[in-house]
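J.: There's a structure below that I have some questions on.
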Amino acid sequence: ADLSLISLRQGSGFAFAFLFGNYSIFFLSLVLGDITQKGYEKKRAKLLAPYVPQTQALQKESKPQMPAPSATPASASSSSSASKFHRARSGGARDERYRSDIHTEAVQAALAKHKEQKMALPMPTKRRSTFVQSPADACTPPDTSSASEDEGSLRRQAALSAALHQSLQNAESWINRSIQGSSTSSSASSTLSHGEGKGTSGSLADVFANTRIENFSVPPDVTATTSSSSARPAAIDLPPSGIVKGMHKGSNRSSLMDTADGVPVSSRVSTKIQQLLNTLKRPKRPPLKEFFVDDFEEIVEVPQPDPNQPKPEGRQMTPVKGEPLGVVCNWPPALEAALQRWGTTQAKCPCLTALDVTGKPVYTLTYGKLWSRSLKLAYTLLNKLGTKNEPVLKPGDRVALVYPNNDPVMFMVAFYGCLLAEVIPVPIEVPLTRKDAGGQQIGFLLGSCGIALALTTEVCLKGLPKTQNGEIVQFKGWPRLKWVVTDSKYLSKSPKDWQPNISAAGTEPAYIEYKTSKEGSVMGVTVSRIAMLSHCQALSQACNYSEGETIVNVLDFKKDAGLWHGILTNVMNKLHTISVPYSVMKTCPLSWVQRVHAHKAKVALVKCRDLHWAMMAHRDQRDVSLSSLRMLIVTDGANPWSVSSCDAFLSLFQSHGLKPEAICPCATSPEAMTIAIRRPGVPGAPLPGRAILSMNGLSFGVIRVNTEDKNSALTVQDVGHVMPGGMMCIVKPDGPPQLCKTDEIGEICVSSRAGGMMYYGLAGVTKNTFEVIPVNSAGSPVGEVPFVRSGLLGFVGPGSLVFVVGKMDGLLTVSGRRHNADDIVATGLAVESIKTVYRGRIAVFSVSVFYDERIVVVAEQRPDASEEDSFQWMSRVLQAIDSIHQVGVYCLALVPANTLPKTPLGGIHISQTKQHFLEGSLHPCNILMCPHTCVTNLPKPRQKQPGVGPASVMVGNLVAGKRIAQASGRDLGQIEDNDLVKKHQFLTEVLQWRAQATPDHPLFLLLNAKGTTVCTATCLQLHKKAERIASVLCDKGHLNAGDNVVLLYPPGIELITAFYGCLYAGCIPVTVRPPHAQSLTVSKAACILTTQTLMRLLKSREAAAAVDVKTWPTIIDTEVLGRQTHLHSYLPVLMKSCVDALEFQHSFSVSVLQMSHAAVSGLCRAIKLQCELYSSRQIAICLDPYCGLGFVLWCLCSVYSGHQSILIPPMELESNLFLWLSTVSQYKIRDTFCSYSVMELCTKGLGNQVEMLKARGINLSCVRTCVVVAEERPRVSLTHSFSKLFKDIGLSSRAVSTTFGSRVNVAICLQGTSGPDPTTVYVDLKSLRHDRVRLVERGAPQSLLLSESGKILPGVKVVIVNPETKGPLGDSHLGEIWVNSPHTASGYYTIYDNETLQADHFNTRLSFGDAAQTLWARTGYLGFVRRTELTAASGERHDALYVVGALDETLELRGLRYHPIDIETSVSRTHRSIAECAVFTWTNLLVVVVELCGCEQEALDLVPLVTNVVLEEHYLIVGVVVVVDPGVIPINSRGEKQRMHLRDSFLADQLDPIYVAYNM
């Protein structure tokens, strides 16, 4: 295939592509970004605007719009000389645990295939403050980089650093050569140009901001080594970046940036989204064929096994036996007997030497001392802790041993003291803080073992964290412990006649060793006395220990090989152990080599990290000799990457006398103890072999020698033979323990007397691990002998050599293929990180999202790493893992230095890290999600079936016995009303009639925040004021009948009087919410009525800046009216009510509705009948009076029905939350109306003050109906919590209900006083997406609770219609709600009349059916009608109307219909710091905006959580996650989210987000 490479420099990233003949194109694109800094930038830009020369502006225009590169914050680390030294030491260092030159080469080769393709990333937008490192840790110099167990930050060979230096220089000069200027928005460029103000970041940023280079030079490869690239096509499944053609100097970028709607967009955000879209257009993986059906609604793809995948071909393996355990005549009957023997006969022999901090021997414990001190401790434990009759400890009790790692002597005495007293020691780590990583699980272990006593040293006890009164703190999750100090001076000497009971070893427990499982739970592996003894015998035989030998132990002596060799086998063979603590290794890495040299030690126990540390420091000591070593036991030799450490160490120290045959890797596990160990070789014998395995084969669990591609090979060394007296088999890792074939990878199981016997107190798990009987392929058991699962994956190779390729705990099973976490770490480390991340601080784990495991990589970022470096590194890691393992990474996160939870010996605590990730408490400083790449099992997008015609649907419903979904309120004609209706057709007539009949009857009462009455209006007062306004309109305003008059008032009685004044004058009132000075627009009004304060605002300077004052119509201040009364004969004209006042303010599309007088009277009559309103009633209204039902209740109903309305402006609640509820209680109101925002204010603000409400005497038992006025799906959770909270002050659970209205008809449903209670149903969310309604039981997965929106008003009919075919639908089918009623609005009042829209919305007919003659209005809401078992007021069965959501807000994604509120509900639940959330789509990308109410550190935690939950619950991949400050999501006066405004602000880059993540 001929290879052509396109490479293009683009902003701060690159777009690239490989084209291989006719093969598909694979792309990879990642994102670099810019940081916005709030406030400062805006002010700066504003101040400088007048002084910026025009030429620059012109230049800017001609530049292409690209995402700007980001300036880096200055390093937060202190620059003391120490930290400089450490940084130098660990600068180019790599985690040699995973160091494999072969592997590094492979990774570099894989990356070389993508050579010039630096990433084309839309980089996330980040506010600068978010990047600040965590406070305390930021200042610690990064010398702790070498303080992690798996760290090994080694100085690389000089050649490497030279190569690095060279490539860095290249990169620098190349940056300076080919930086392409890009200032995409004023804030971006200002961020860059001021940079940090000093150092290179500023100057580099200036270069970035102002340089323009015409010729695109190809950037060099920044990797250290590149081997020749092989011709295999790079199968990158990361999504591609769009290729943008090179542009000429003058061309405007925005012309390339037409959005999907053909609208040119030149903002920064949309450029990035466009980059992302281009990226996501390319095909990812080949489509999968097979499906499984999930709940019959969504079809989720099942990964089809690859037909070409390798399958095991060997025969079934037979268990492999080790050599028999030899019987030596003088082996003791129990380990305690050995101690007694050496302690009494060889008392002067050294047993254990401890070192001080500098690595010098400080104390040697002899066998005599060990025996006498253990004896004293045993006596004290049994006899001196309690009273004679009530001892604290009895034989068989468990005791915790809490000893620091630098005090092996005290630990050894305590351990043997416990054995002699026959109590069971449980060694654990010293707790450092109340909340150590994994500390709670240790507490669980102590609890399950029933431990009440802890032994420790005096020094250690003093160092434990204390409470204020000096007691040791209660550690999280720990049982209450009694602490016993075991220093000699506190122990009682045993009487002469007291002897410990030393019996022959049996199956009783000897000690418990803790182990941490993959999930983080801590379990205690119980080891019996006979197993302890047998294990020591097997180790003595395998390692050929002889009495008096010296061994050097660098391992943790509390568990694993450190305990087995250095504490137990040591005493069995009278060895002398030199214990080198971890703290010494940190300060003097060569100390163990010096100890071997000084003591002529025969055996050393180390881990790979100790080999690296020694290599790193070996220059300091030329004259050490390792010729005495016959065994260098590498205890993590089972790690697949240990082979290279052993090789490197040998090549360096062979000149110091190290024999090649002395290197003895071994494999161990807490359950099976030592599994295999390489025996010390004979000089001159050939060295054991290596296996070079195919990574691809391994991922299918098959052993294949790697031939085709050396880039994806794994080289492993053997760990020797099975232990003496043991037997080994390999079983399948999952399912029943079936024996593997000879060429298959499986879990190693061991059967031997020397192994653990159980997990203490956990019988169930024990059976699965310690009592495994292998079965053959037919499923029948092979032999009787139980095996123990070791937790290691491997195989038995030629010559019965054991090979280990990974751990069960590190197994990641993605789409049926197995990957090893260690392998992925190694690949990540082989990507030269230069100065981005710390070497040994990478955690790889998998999280289960949407029916599969997803790989997450978390690393600690160096404080001085720049944003660009980090993204460069992240992108290359993704490439490398993809090339070598053929698996996508779901999430890659970088956290600030020193913030990952550590294990006691400094390694990363993986399970705790995973827990932090899933809880959202990891606080990353950089994150990259790639769900588009990884998630390949989404259901197929739904194809819309060719529609069935409306007639067929109708016939189908009839055949199925389903009625057509329609419902109606009571019939107005049958309801007798008083003669008011017959006499007075118009509201003005009603008002005049009331002014004569009941002049002093109060209609309105307005309250202020204190709850005092500010203003009242009786029938006569209202009539008189209205007349005055009417005469002023005619005299001053010179208005003609039918002119529009804008009413600009705060909520109050003046608004009502002005309204009736207009009607009296024959003008058409338009109610408008008082605007901000910035958002004034001039309408076609002939006159504006307003108050003095608002008049001042209209004539203010700010207003003048927005609107030319000369264009204002006449403005009349109604507060200073003359007393003249001159009433024109008024005409029955139209009146108007503005529907959405918020939109009016923002001068977006304003819709003003026209309602005729007849419709208004009809509406008032329907409400009067439904709520049984009459003149002796009082209702309380806490609503905005500008539009919809709020306006009707506030201004119209009282005049029509004669009841008294108590008016509470909602904004008064902000200063007095009690106002609404106390008014209702004080006036004993039976019916009250509010909005969701009022209800939410009360629920959030008063929820914890119910007692105070009681104390104030507030009682709501009088309330019969509390109605929430809304135009949306009822918010059931809010109404439920409101009812529950205020139940204690008398609120009836049946009182709260909702209304439903829409633009075309403001009141369709209203609960009212008679009729059944509102019903609720649970519907299936998945079927709603398919426009179907499926009722489910409460608690069903993916169920949604819907409540009926009140009862349909008298005279109203509704029908459910298919919005596309306009045919009627059956009962319980989802469709658009259409309404027919006398009070439907007569149309939109528009300046430009659009007749078709008018007819479609207000006067439309069904395409089929008997109701086809009726004229309907379309509400624009989806819902369904369901016939219930309840009886309506008319005596028939009640039809309930359920509203699901607005049609124009639904999101059409993957062929399905989503309601934003459902996605938002899921997102809001994911993290405690999400205050509010809104979603919208832009060109098929789902954008989720979340308001963060926590600290900014948490912003990046939300990205994976939001992505996960939307994928899990809605089967959608989030394209962009935007984290903003609280209050950014616009919400209107009714408490409804304005998602379209939010979308426009986002695309115009006006949100000032804390963080924007673009998911790849």
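The values are calculated or read from the model by the stated rules, or taken from the named source; none is laboratory data. These figures come from a predicted structure and were not determined experimentally. When we count neighbours, we look across all protein chains shown, and the Cβ atoms used for this are built from the backbone with ideal geometry, even at glycine. Keep in mind that these areas ignore ligands, DNA and RNA; they rest on the heavy atoms of the full protein, side chains included. Shrake-Rupley method; radii C 1.70, N 1.55, O 1.52, S 1.80 Å.
J.: Under the Karplus relation 6.51 cos²θ - 1.76 cosθ + 1.60, θ = phi - 60°, what is the ordered set of whole-Hz ³J(HN,Hα) values for the range 522-534, x standing for Gly and Pro?
T.: 9, 10, x, 7, 8, 10, 7, 5, 6, 5, 4, 5, 4
J.: In nm, to one decimal, how far is the Met1211 label point from the Glu1436 one, both placed 7 Å along Cα→Cβ?
T.: Placing both labels 7 Å beyond Cα along the Cβ direction yields 4.7 nm.
J.: What residues qualify as long-range amide H neighbours of Leu1456, i.e. H under 5 Å apart, gap of 5 or more or another chain, H built at 1.01 Å from N?
T.: Close amide H contacts, sequence-distant or interchain: Arg942.
J.: Taking the Cα centre of each part, how many Å lie between the range 1304-1354 and the range 745-786?
T.: So the two Cα centres are separated by 55 Å.
J.: At what distance in nm do the modelled label points of Asp356 and Gln996 sit from each other, each positioned 7 Å from its Cα along Cα→Cβ?
T.: The answer from the label model is 11.4 nm.
J.: Using packing as a proxy for protection, rank 440-453, 1267-1280 so that the peptide with the highest average count of other Cβ atoms within 10 Å comes first. It would help to have the intermediate numbers written out before the result.
T.: Numbers: 440-453: 19.1, 1267-1280: 20.9.
Ranking the peptides 440-453, 1267-1280 by packing returns 1267-1280, 440-453.
J.: Once you put a point 7 Å from the Cα of Val785 and another 7 Å from the Cα of Cys1495, both along the Cβ direction, what distance in nm separates them?
T.: 5.8 nm
J.: Using a Förster distance of 35 angstrom, determine the FRET efficiency expected from the C-beta separation of Thr1483 and Val847, and round it to 0.05. Walk me through the numbers before you get to the answer.
T.: On the way: r = 29 Å, r/R0 = 0.83.
Approximately 0.75, to the nearest 0.05.
J.: Shape verdict for the range 442-515, please, from the Cα gyration tensor: rounded (a/c under 1.5), prolate (a/b greater than b/c) or oblate.
T.: Working: a/c = 3.03, a/b = 1.32, b/c = 2.29.
Taking the square roots of the gyration eigenvalues as a ≥ b ≥ c, the range 442-515 is oblate.
J.: Same structure again: Quick one: what are the phi-derived ³J(HN,Hα) couplings along the range 898-914, Karplus 6.51/-1.76/1.60 with θ = phi - 60°, whole Hz, x for glycine and proline?
T.: Working through the residues one at a time gives 6, 10, 6, x, 10, 7, x, 9, x, x, 7, 7, 4, 5, 5, 4, 4 Hz.
J.: How far, in nm, would the chain grow between Ser488 and Ser583 when pulled straight, counting 0.36 nm per residue and subtracting the alpha carbon separation? Intermediate values should be presented prior to the final figure.
T.: Values: separation 95, 0.36 × 95 = 34.20 nm, distance 2.47 nm.
Gain on extension, Ser488 to Ser583, equals 31.7 nm.
J.: 5 Å is the cut-off here: which amide hydrogens, built 1.01 Å from N in the peptide plane, fall below it relative to Leu352, excluding neighbours closer than 5 in sequence?
T.: The answer is Leu365, Thr577.
J.: Right, something else. From the phi of every residue in the range 842-847, what ³J(HN,Hα) in whole Hz does the Karplus formula 6.51 cos²θ - 1.76 cosθ + 1.60 yield, where θ is phi - 60° and glycine or proline is x?
T.: Residue by residue, the range 842-847 yields 10, 10, 10, 8, 10, 10 Hz.
J.: If amide hydrogens are placed 1.01 Å from N in the peptide plane, which non-local residues have theirs closer than 5 Å to the one on Gly806?
T.: Leu793
J.: Moving on. List, in the order given, every pair from Lys311/Lys607; Lys369/Lys518; Lys394/Lys489; Lys435/Lys462; Lys466/Lys489 whose Cα-Cα distance in the structure shown is over 30 Å.
T.: Working: Lys311/Lys607 35 Å; Lys369/Lys518 41 Å; Lys394/Lys489 23 Å; Lys435/Lys462 18 Å; Lys466/Lys489 24 Å.
Pairs exceeding the cut-off: Lys311/Lys607; Lys369/Lys518.
J.: Once Rh for the range 478-578 is found with the Kirkwood sum over Cα pairs, what is the Stokes-Einstein diffusion coefficient at 25 °C and 0.890 mPa s, in µm²/s?
T.: 150 µm²/s
J.: Which of Lys1351/Lys1537; Lys732/Lys767; Lys1025/Lys1168; Lys1010/Lys1254 have a Cα-Cα distance over 23 Å? If you can, show how the numbers build up before the last one.
T.: Working: Lys1351/Lys1537 25 Å; Lys732/Lys767 17 Å; Lys1025/Lys1168 25 Å; Lys1010/Lys1254 18 Å.
In this structure, Lys1351/Lys1537; Lys1025/Lys1168 lie more than 23 Å apart at Cα.
J.: Ala1255 to Val1120: extension gain in nm, 0.36 nm per residue of separation minus the Cα-Cα distance?
T.: On the way: separation 135, 0.36 × 135 = 48.60 nm, distance 4.39 nm.
Fully extending the segment from Ala1255 to Val1120 adds 44.2 nm.
J.: Sort 468-476, 1296-1304, 1016-1024 by packing, meaning the average of other beta carbons within 10 Å per residue, with the highest value first.
T.: Values: 468-476: 11.0, 1296-1304: 24.4, 1016-1024: 19.7.
Taking the mean over residues of other Cβ atoms within 10 Å, the ranking is 1296-1304, 1016-1024, 468-476.
J.: Now a separate question. Roll a 1.4 angstrom probe over the protein heavy atoms and tell me the percent of accessible area of the range 471-623 that is carbon or sulfur. Mind dumping the intermediate values first?
T.: Working: 2570 of 5330 Å².
Taking all protein chains in place, the range 471-623 shows 48 percent carbon and sulfur surface.
J.: For Ile773 and Ala1009, calculate 0.36 nm times their separation in residues minus their Cα-Cα distance, and state this gained length in nm to one decimal.
T.: Difference between extended and current length: 77.2 nm.
J.: Tell me which chymotrypsin sites (Phe, Trp or Tyr not before Pro) from the range 576-681 have a DSSP coil assignment and no more than 10 other beta carbons within 10 Å of their own. Walk me through the numbers before you get to the answer.
T.: On the way: sites: Tyr582, Trp592, Trp613, Trp641, Phe649, Phe653; in loops: Trp641.
Answer in residue order: no site qualifies.
J.: Return the inverse of the average 1/r over all pairs of distinct C-alpha atoms in the range 315-444, which is the Kirkwood hydrodynamic radius, in Å to one decimal.
T.: Details: mean 1/r = 0.0565 Å⁻¹.
Across the range 315-444, the inverse of the average 1/r is 17.7 Å.
J.: Let's test the formula: R0 of 22 Å, r as the Cβ-Cβ distance of Leu1415 and Arg963. What FRET efficiency results, to the nearest 0.05? Present the calculation step by step, with values, prior to reporting the outcome.
T.: Numbers: r = 22 Å, r/R0 = 1.01.
For Leu1415 and Arg963, the calculated efficiency is 0.50.
J.: Then there is this: As an exercise, take the mean of 1/r over every pair of distinct alpha carbons in the range 606-694, invert it, and state the Kirkwood radius in angstroms. Display every interim value, and only then the final one.
T.: Working: mean 1/r = 0.0720 Å⁻¹.
Computed over the range 606-694, the radius equals 13.9 Å.
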